[in-house]
Structure formats: structure tokens, C-alpha cells
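Take a look at the structure below.
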Amino acid sequence: MNKAMPTHAVSASDADLAPQADHASSAAPRQAANAAKVSRASVQHPPVVDEIALPSTLLDITPQQAGTQTLLRGLAILEAAAAGVRDLRTFGAALGTTRSTTHRLVSSLVQARYLRQVQGGYLLGPKLIELGTIALEQMPLTTVARQHLESLAEQTLDTIHLGVRDGDDVLYIDKIPGTRGLEMRSRVGHRMPLASTGIGKAMMLDLTPDVWQSLFEASRRALAGVSFKPDNRPDAQTFMQRMTNYAAGGYTFDLEENEASIRCVAAPVRDASGAVVAALSVASTIPYMSLERMDELIPVVQREARAISEELGWRAPQPATRRIKR
């Protein structure tokens, strides 16, 4: 008698080489079963997954991450919507997904209020506003900025300030004293006129010249009784010219306009909307803050201000691409 065929799956070549059974009628059912096993084992069915080419690292999906593919696609749709994509066809082109898959994903995001459908396409939805508000509440400005202030203090050895606008004044909300043995009258909770401080002027950069003039006059009134020796406060014309230069460069100086012998370099901090919400500065006395060193500190201060801004959701404007005629 022939030995019973093994129950494990065999390859197609094994099946071809198997000896013929003496009793064909009894072997036929087994051969049919083995043939079915061979067919199932030798044929590899591709997974039913759309080809996808998502932008950035969101779409670099390995086989081990296949379970996260739908989530990553949804996030990519939100990023595309934030970049200005509005219709299903463009969403699908950006993600590399079929129309049916794209429609299913977008519909789910609309239902969950991450997108909203309007005439002409889709926009980011109210759920993102809710989450963004909560995220801001969970990340106070001082907490976000602190590591960058410490980095700036370590790089410069000077006094570091973080301030926000409060009416016509700057309100200092954080300070790291310098390590050169100098002490300044500024402190957390202290207020000074915006137009008389570097950090205050940094929060004025996006304002109109008329508002610059108004804040300059408010500063003059606030400091009318303060004695400056020597008096380095600029006149209105000089102040306006300096502000024009500062606005073009994205930084500001305090040239002993708020406190005798104290100079500082400041830069604005922006939120996700691009609005100036705070400013930071590096301050020291004239022996450590020559005009040459102030110029050298501009990119250093701006770098840390940008880093804080990016953590608040700000993105630097992208340069416009020019089409080359061929």
C-alpha cells in the first residue's frame, strides 16, 4: 500500500513528482485536496491597499506601520487643506489615493468636524480650533520660551527678557539675569513704555507709522519726569526713521533710551497667525554691548525668537517660486 500523503502544504514541483497511487479512485480525493493546497500556497494575492505617495514624513509608511496608514492619510489631508487644497481631486492627487478612498477619508473628517464642507470645497473645521485653543492653554508662553531664553543666556552671558504688550507698555513676564555681575531695574511684572525699550519696539514692528508716532508720544509723557544723564532719547524724526529700519530688518535696538548705559537687542515672537504676541531681548551695559556686538547679536536673538514662534505654530513665509520660460 502507498503511504498516506503528508498533511502540510507542498510546492507545485513536489506535487508533480509524487508517485502515482495504485488505486486511482482512492487517491483522487487526496490529489484534489493537495492541488487546492498547492494553488493556495503558490499564488500570492497582493494586499488590497491603494498606492500612496504622501508629502513629508507623514507618508513614509513601512510594512510594520501599515496599521497607521489611515491615520497618516487623514493627517496628510488636514495638512493639504491647511496649504490651500480644497477639492477631492486635488486631495487625491496630493495623497496618491483613488477617488473613492479620498472621498471616504474626507467624509470621515467632515463628520468628526476636522474639516467643513463649503461651497467650492473643504476648509479646516471647528474641531481644530477647539484643539488649538486647548493646546495653547496647556503650553503657556513662558513655558514654551524658557529653554530658548536659557539658551540665549548661555550664549551671551547677558540679561535676557521676555515681554508682552499691555496697552502702551511692555510687561516683563520672564527674566534671566546676566552672569557679568550687573543688575538692571527690570523685573518680572515690571512695566515700561513700549516705545522706549527694545523689547517694546519689537512688538511694534507690524504697526503703522501713525501708531508708532502715537506710542512714541505716550512714551514721552510717561517718562517726562525721569532724569536721563546723558539723555539719549531720540526726537520724533529719528525715532520714526529707526523704526522704519527696524521693521525692514525684523529686530530692534534700545540705545540707552530707557535706562542710562543700558543697550539691548530685541526680536518679535509670533503666533500661528503670524501676529506679534511677545518679544525677547538681550541687554547689557555699554562696555559689553558695543554697536559692533549689537549687530552680531541680531541673528542670534532672531534665531531664538523664531524658535519660540515655531513652537507657537508660526511658519516662516515661503519664498514665491518663479516659473522659468522655456
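Remarks
- For segment 68-221: relative contact order, % (alpha-carbon pairs under 8 angstrom, 6 or more apart): 13 percent
- Theoretical FRET efficiency, 1/(1+(r/R0)^6), r = Cβ-Cβ of Ala93 and Ser151, R0 56 Å, to 0.05: 0.85
- Relative contact order (%) - segment 57-133, alpha-carbon pairs under 8 angstrom, separation at least six: 25 percent
Values in this text are rule-based calculations from the coordinates and carry no lab data. If you're wondering where the values come from, they're calculated on a predicted model, not measured in any experiment. Every residue, glycine as well, gets a Cβ built from its backbone with ideal geometry; the counts of neighbours run over all protein chains shown.
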